1. When the range A:101-120 is examined, which residues are found to be outside any helix (DSSP H, G or I) and under 15 Å from the mean Cα position of the chain (by Cα)?
2. Mind listing whichever residues of the range A:80-104 are within 21 Å of A:Val119 (Cα to Cα), away from chain B (no Cβ under 12 Å) and not small (Gly, Ala, Ser)?
3. Which residues, taken from the range B:85-107, are of a type in the set (Val, Ile, Thr) and surrounded by fewer than 16 Cβ atoms within 10 Å (Cβ to Cβ)?
4. Could you please let me know if B:Ser23 is surrounded by 22 or more Cβ atoms within 10 Å (Cβ to Cβ), touching a strand residue (DSSP E or B) at 6+ places or on another chain (Cβ under 9 Å), polar (S, T, N, Q) and within 22 Å of A:Ala65 (Cβ to Cβ)?
5. Of the conditions (1) in contact with a Lys or Arg (Cβ under 7 Å, 6 or more places away or on another chain); (2) touching a residue at least 12 places away in the same chain (Cβ under 8 Å); (3) over 17 Å from A:Ser23 (Cβ atoms), A:Glu89 clears all except one; give me its number.
6. For the structure I just gave you, tell me whether A:Thr28 is surrounded by 16 or more Cβ atoms within 10 Å (Cβ to Cβ), without any contact (Cβ under 8 Å) to a residue 60 or more places away in the chain and in contact with an Asp or Glu (Cβ under 8 Å, 6 or more places away or on another chain).
7. On the given criteria, is B:Ser8 small (Gly, Ala, Ser), at pLDDT 95 or above and surrounded by 20 or more Cβ atoms within 10 Å (Cβ to Cβ)?
8. Considering only residues that are more than 7 Å from chain B (Cβ to nearest Cβ) and not charged (D, E, K, R), look in the range A:52-79 and name the one that is surrounded by the most Cβ atoms within 10 Å (Cβ to Cβ).
2 protein chains.
Amino acid sequence: MREDMLDSILRDLNGTSADIEASAVISTDGLMMAAQLPQNLDPDRVGAMAAAMLSLGDRTAQELARGSLEQVLVKGGDGYVLMTYAGVESVLAVLAKTTAKLGLIFLDVKRAAESIGKVV
Amino acid sequence: MREDMLDSILRDLNGTSADIEASAVISTDGLMMAAQLPQNLDPDRVGAMAAAMLSLGDRTAQELARGSLEQVLVKGGDGYVLMTYAGVESVLAVLAKTTAKLGLIFLDVKRAAESIGKVV
């Protein structure tokens with residue numbers, strides 16, 4: 001089952017670091033495909049925000065001559081949101097704590113995105 | 001002169017690393033305050049994209065419980081755009097090459113943003 005495989009990849013990703021709080025796979029038009037989220041986060045909201053950020057990030061990368069978009073990182077006072085393409089039509093969004101080691105998170109997220117890209 | 005001080009901070013920032021290609025200070029509503037940009041980049045376009053990314057980043061950080069927004073990073077195949085608040089009403093946007101060492105760029109940009117925050 002594709003959904004089970006995605007769930008399994010997300011569970012593994014969340015398990016690689018205590019700093020990863022949540023992760024989700026979202027279609028590029030903002031619909032949820034799989035999610036491992038805490039109860040206080042609404043999947044529809046996560047999907048909508050991630051798709052909007054990727055879409056504007058796409059345009060920013062293009063307009064400012066940065067090539068094709070690979071990743072968008074949002075840093076807030078209470079943590080990070082990292083969004084990256086997983087294949088052509090889906091997006092991996094990851095929420096991490098402010099204590100996260102970004103280098104490790106980038107690496108784990110990149111690997112998970114590659115695995116997801118093979119499944120979807 | 002405030003504008004000269006901003007230009008001087010941006011020139012210093014661009015000089016800290018050969019990987020920093022351009023930098024600009026933009027009001028949070030997208031108007032250019034100072035810029036050190038190569039000729040192929042339209043200041044109005046840089047201002048508009050940076051303000052839009054910060055605005056959506058703000059909302060994303062809020063909706064996904066990440067606290068108040070500090071930074072947005074866009075990674076494309078040909079380089080980075082890093083946007084960060086410099087004081088309350090202005091934004092520092094930096095364009096860096098794909099070879100940039102992110103840790104160093106983050107540090108230099110943070111320092112420059114602090115200096116800018118004192119000037120504007």
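The values are calculated or read from the model by the stated rules, or taken from the named source; none is laboratory data. The structure presented is a predicted model; accordingly, all values stated were derived computationally and were not measured. Ideal geometry is used to build each Cβ from the backbone, glycine not excepted, and the neighbour counts take in all protein chains shown.
1. Just the residues of the range A:101-120 that are outside any helix (DSSP H, G or I), to begin with: A:101, A:120.
Hit for the range A:101-120 is A:Val120, nothing else.
2. At the first step, the residues of the range A:80-104 found to be within 21 Å of A:Val119 (Cα to Cα) are A:82-94.
This time we only want the ones that are away from chain B (no Cβ under 12 Å), so: A:86-92.
Within the range A:80-104, A:Val88, A:Glu89, A:Val91, A:Leu92 qualify.
3. Looking only at the range B:85-107, we keep the residues that are of a type in the set (Val, Ile, Thr), and these are B:88, B:91, B:94, B:98-99, B:105.
Listed by number, the residues that qualify are B:Val88, B:Thr98, B:Thr99.
4. Values: surrounded by 22 or more Cβ atoms within 10 Å (Cβ to Cβ): yes; touching a strand residue (DSSP E or B) at 6+ places or on another chain (Cβ under 9 Å): yes; polar (S, T, N, Q): yes; within 22 Å of A:Ala65 (Cβ to Cβ): yes.
Yes, satisfied.
5. (1)
6. Working: surrounded by 16 or more Cβ atoms within 10 Å (Cβ to Cβ): yes; without any contact (Cβ under 8 Å) to a residue 60 or more places away in the chain: no; in contact with an Asp or Glu (Cβ under 8 Å, 6 or more places away or on another chain): yes.
Spelling it out, it is not the case that A:Thr28 is surrounded by 16 or more Cβ atoms within 10 Å (Cβ to Cβ), without any contact (Cβ under 8 Å) to a residue 60 or more places away in the chain and in contact with an Asp or Glu (Cβ under 8 Å, 6 or more places away or on another chain).
7. On the way: small (Gly, Ala, Ser): yes; at pLDDT 95 or above: yes; surrounded by 20 or more Cβ atoms within 10 Å (Cβ to Cβ): no.
The answer is no for B:Ser8.
8. Result: A:Leu54.
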